[in-house]
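What follows is a short report on a single structure.
The values are calculated or read from the model by the stated rules, or taken from the named source; none is laboratory data. Only a predicted model underlies this, so the values are computations on that prediction, with no experimental measurement involved. Counting neighbours? That spans all protein chains shown, and the Cβs are built from the backbone with ideal geometry, glycine included.
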Amino acid sequence: MSSAGRHRREPKAAKCGPAAQHKSLPRAGAEPGVRPGPAASARRSDADHTSTPATELYFLIARFLEDGPCQQAAQVLIREVEEKELLPKRIDWMGKEHPRTYENLVKYYRHLAPDHLLKICQRLGPLLEQEIPQSVPGVQTLLGAGRQSLLRTSKSCKHVAWKGSALAALHCGRPPEAPINYGSPPSIANTVFARNLNGKYRTEHLVPTPVYQHMKMHKRILGHLSSVYCVTFDRTGRRIFTGSDDCLVKIWATDDGRLLATLRGHAAEISDMAVNYENTMIAAGSCDKMIRVWCLRTCAPLAVLQGHSASITSLQFSPLCSGSKRYLSSTGADGTICFWLWDAGTLKINQRPVKYTERPRPGVQMICSSFSAGGMFLATGSTDHIIRVYYFGSGQPVKISELEFHTDKVDSIQFSNSSNRFVSGSRDGTARIWQFKRREWRNILLDMATRPTGFL
């Protein structure tokens with residue numbers, strides 16, 4: 001090779017000489033592997049340190065705990081992640097990784113607030129909402145499922161078909177719950193067939209919510225001379241009873257709306273009606289202070305019950321069965337409650353009821369009543385703000401509790417169909433769910449004046 005050729009290559013070799021190597025050496029006074037100050041590090045790229053989402057999450061969790069009430073837990077977490085080197089590492093100029101301490105990371109990421117993790121969680125929901133809307137708008141939660149989940153995708157939110165074989169299965173003796181993202185509800189034919197196989201069904205499956213959107217008026221009948229305020233079905237659903245201010249009770253066929261019978265006898269407005277569980281008779285209360293009972297097979301009157309000195313406010317047949325002995329309860333505007341004993345075999349009613357006068361002061365009225373699913377308890381509401389509970393397990397009705405928690409009259413009450421809980425509603429704007437626990441009635445307050453807030 002000629003000397004000229006060698007001279008042409010020497011300038012290129014000079015670029016790799018000591019002058020160029022000097023630029024790669026650390027500045028004077030700096031130790032190898034030590035990062036410059038925060039001002040200089042803020043301008044560096046992320047390529048000079050390794051950090052995965054998991055290690056960053058450990059750091060953010062420790063930062064969040066340290067600023068909150070769980071500082072002892074934060075110290076334990078910091079000590080453990082430092083021992084196991086789970087925090088983000090740095091890479092020196094030679095490409096070697098070095099573990100970092102928690103204090104070093106706090107100084108390095110001083111632009112991050114202690115609640116940075118919380119702000120990230122609060123931001124995820126609105127961002128995902130723009131891409132895939134959730135099923136309940138406005139509710140921000142990290143624990144949701146289906147379209148409320150923060151991990152939802154377009155694919156996971158697609159409706160899935162629910163096969164008929166799934167309807168016939170039982171899980172722990174109960175019908176299966178529908179998938180969160182199932183689309184159209186199963187057909188009524190499949191649901192009825194599944195009920196025939198396993199003997200059970202869910203109400204939302206037999207009559208799903210979309211069915212109500214397609215309901216239309218079946219019949220419109222002008223059959224009373226005055227307003228109708230009382231309507232009830234019989235136990236088979238084939239007959240409808242209407243009680244009107246024209247003092248009449250009429251029986252209608254549900255399939256074609258035909259008038260089957262008219263029950264007469266009351267001299268004032270009908271205030272309430274009830275059909276017994278055997279579907280053999282109907283009782284109607286009126287503002288004429290009387291209760292009249294008719295046979296549903298012959299429509300003949302069975303009894304006229306006189307035990308109140310004011311209007312009848314509610315009637316309830318007890319589901320409790322003790323041989324052929326049954327009870328009918330009635331409450332009145334006179335502040336009394338009557339328990340009428342009757343025989344299921346002969347349909348004869350004892351004209352002398354068990355009577356309680358619940359009138360601590362003038363003007364108090366008994367308004368509403370409800371039996372428990374087994375008929376062992378009866379709860380009543382009145383205008384004196386008190387809920388009274390009666391017990392039927394000792395042979396005859398006995399009052400066992402007076403619950404005075406509402407601040408206005410209790411105008412609605414209803415027992416659960418499957419437990420010993422009941423709900424009471426009052427004019428004070430609150431509802432309370434009651435449950436018998438540890439030999440006393442405990443309640444959960446439902447305040448209608450409050451508004452639900454999101455999780456975050």
Is it the case, given these coordinates, that Met376 is under 30 Å from Pro301 (Cα atoms), of a type in the set (A, V, I, L, M), touching a Leu at 6+ places or on another chain (Cβ under 7 Å) and surrounded by 12 or more Cβ atoms within 10 Å (Cβ to Cβ)?
yes
Do the conditions hold for Leu320, that is, is it within 27 Å of Tyr390 (Cβ to Cβ) and either in contact with a Gly (Cβ under 6 Å, 6 or more places away or on another chain) or not in a strand (DSSP E or B) (or both)?
yes
Please go through the stretch 425-440 and pick out each residue that is out of contact with any Asp or Glu (no Cβ under 8 Å at 6 or more places or on another chain) and either modelled with pLDDT under 90 or within 13 Å of Thr383 (Cα to Cα) (or both).
Phe436, Lys437, Arg438, Arg439, Glu440
The stretch 249-287, subset among the polar types (S, T, N, Q) and under 25 Å from Ala333 (Cβ atoms), residue surrounded by the fewest Cβ atoms within 10 Å (Cβ to Cβ)
Asn276
Got at least one residue in the stretch 188-206 being at positive phi and in the same structural domain as Ser324 (by TED's automatic domain parsing)?
no
So in the stretch 387-426, with the set limited to residues that are under 27 Å from Asp447 (Cβ atoms), of a type in the set (D, E, K, R) and not in a loop (DSSP other than H, G, I, E, B), which one is nearest to the chain's Cα centre (by Cα)?
Asp411
Val76 being modelled with pLDDT of 50 or more and among the aliphatic types (A, V, I, L, M):
yes
When every residue in the stretch 116-154 that is surrounded by 15 or more Cβ atoms within 10 Å (Cβ to Cβ) and among the charged types (D, E, K, R) is compared, the one nearest to the chain's Cα centre (by Cα) is Arg147
When the stretch 427-441 is checked residue by residue, the ones that are surrounded by 11 or more Cβ atoms within 10 Å (Cβ to Cβ), in a strand (DSSP E or B) and of a type in the set (D, E, K, R) are Arg432
Quick one: which residue in Ile251, Ile312, Ile221, Ile270 is of a type in the set (Val, Ile, Thr), in contact (Cβ under 8 Å) with a residue 24 or more places away in the chain and not assigned by TED's automatic domain parsing to the domain that holds Arg352?
Ile221
